[in-house]
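Take a look at the structure set out below.
The values are calculated or read from the model by the stated rules, or taken from the named source; none is laboratory data. Being a predicted model, the structure only gives us computed values, none of them experimental. Cβ: placed from backbone, ideal geometry, glycine included. Neighbour counts: every protein chain shown. Only protein heavy atoms, including side chains, enter the accessible area calculation; ligands, DNA and RNA are left aside. Shrake-Rupley method; radii C 1.70, N 1.55, O 1.52, S 1.80 Å.
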Amino acid sequence: MKTQKGLLIAALTILSLIFLFPFYMMLTMGTYYSEDLFKKLPILPSGYLLENFKTILSADFLRNYWNSFYVSVLFTAVSVFISALTGFAFGKYSFKGKTWLYGFILVTMMIPGQLGLIAFVMEMKWFHLNNSHAPLIIAGLNNAFGVFFMTQFVQSSVPTEVVESARIDGCTEPGIFFRIVVPFLLPAVSTLGLICFLGSWNNYLLPLVTINKPELYTLPLGIANLSTRYRTDYAASILGLTLGTLPLILLFLFGSKTLVRGLTGGAVKG
């Protein structure tokens, strides 16, 4: 038994090192002069870290970092709230056209988001919202997966009897949602929040077509514009990517248990 446990620990350790190796390579490559990356495999760190750090700071990296952070937080808040509210409506209410409407939402999950990008950009232009962060946040209103995920969680994890008892006791419908349903949805809210934050943080295409002002660039756009006309600074870009990955690693380190609980919670009745 001890031998099997030791072999399991050894195998998991090896797998962990294999999966962590690319991140180690990112850290190491960020310490090199860009042209030196093509001379040999950069296994050991070099001494150009400070210069690369100065390069990304001179490119307004901290402003890009802040833009990505607050846009991702607002996007996540909007997306999770609308998804939870809609999921509650589909999960616990009966109304005309419910099946067709829910089916339509599920069908939109099969359509690539890029197909609606031109229409969305034109709509934002009509509302005079281009060249701002508003389109990046408003996009959170349309989250078909979030609606599907929350609907399934509400149906399986929120007892109908509790909702009906609160209604009989005179609780209003908003009160039922915020005071009764939301506590049941906390694992799903945490899970969907992590997924939404990750998607917004890594979003490159939508900021690219809606933002032209450098001071409004998010982190992916800022890193993409580190290169100049005559030179591509790969090492500085990799260092920027490494620093941009840190918040996501911290989120998953501290939220991994919640993520798993939220993904599995909606699959269990009762």
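Observations on the model:
- Folded to 0 to 90 degrees: helix 182-201 orientation relative to the chain principal axis, Cα: 30 degrees
- Surface exposure of segment 23-176, expressed per residue as accessible area with a 1.4 Å probe, stands at 60 Å².
- For residue 233, distant residues with modelled amide H under 5 Å away: 227, 228
- Cut-off 20 Å, label 7 Å out along Cα→Cβ of residue 27, residues of segment 36-50 by amide N: 37, 41-50
- Among the lysines of the chain, pairs at least eight places apart or on separate chains and with Cα atoms under 23 Å apart come to 6.
- Helix axis angle, 117-126 relative to the chain longest principal axis, alpha carbon, degrees: 80 degrees
- Sparse packing (at most 11 other Cβ atoms within 10 Å of the Cβ) combined with a DSSP loop state is found for the following trypsin sites (Lys or Arg not before Pro) in segment 1-67: 39, 40.
- Accessible area of residue 56 in the full protein assembly, 1.4 Å probe (Å², nearest 10): 0 Å²
- Under Karplus coefficients 6.51, -1.76 and 1.60, residue-wise ³J(HN,Hα) of segment 5-13 in Hz, glycine/proline x: 5, x, 5, 5, 4, 5, 5, 5, 5
- Summarising the label geometry, the points placed 7 Å from Cα in the beta-carbon direction at residue 9 and residue 62 lie 4.4 nm from one another.
- Those chymotrypsin sites (Phe, Trp or Tyr not before Pro) in segment 141-209 that DSSP places in a loop and that have at most 13 other beta carbons within 10 Å: 204
- Accessible surface of the chain, 1.4 Å probe, proportion on carbon and sulfur as whole %: 71 percent
- Accessible area in square angstrom per residue, segment 186-238, 1.4 angstrom probe: 47 Å²
- Residue-averaged [θ]222 nm for the chain, counting only DSSP H segments that reach four residues, each worth -39500 (n - 2.57): -22500 deg cm²/dmol
- Helix 144-157 vs. the chain, principal-axis angle (Cα, 0 to 90°, nearest 10): 50 degrees
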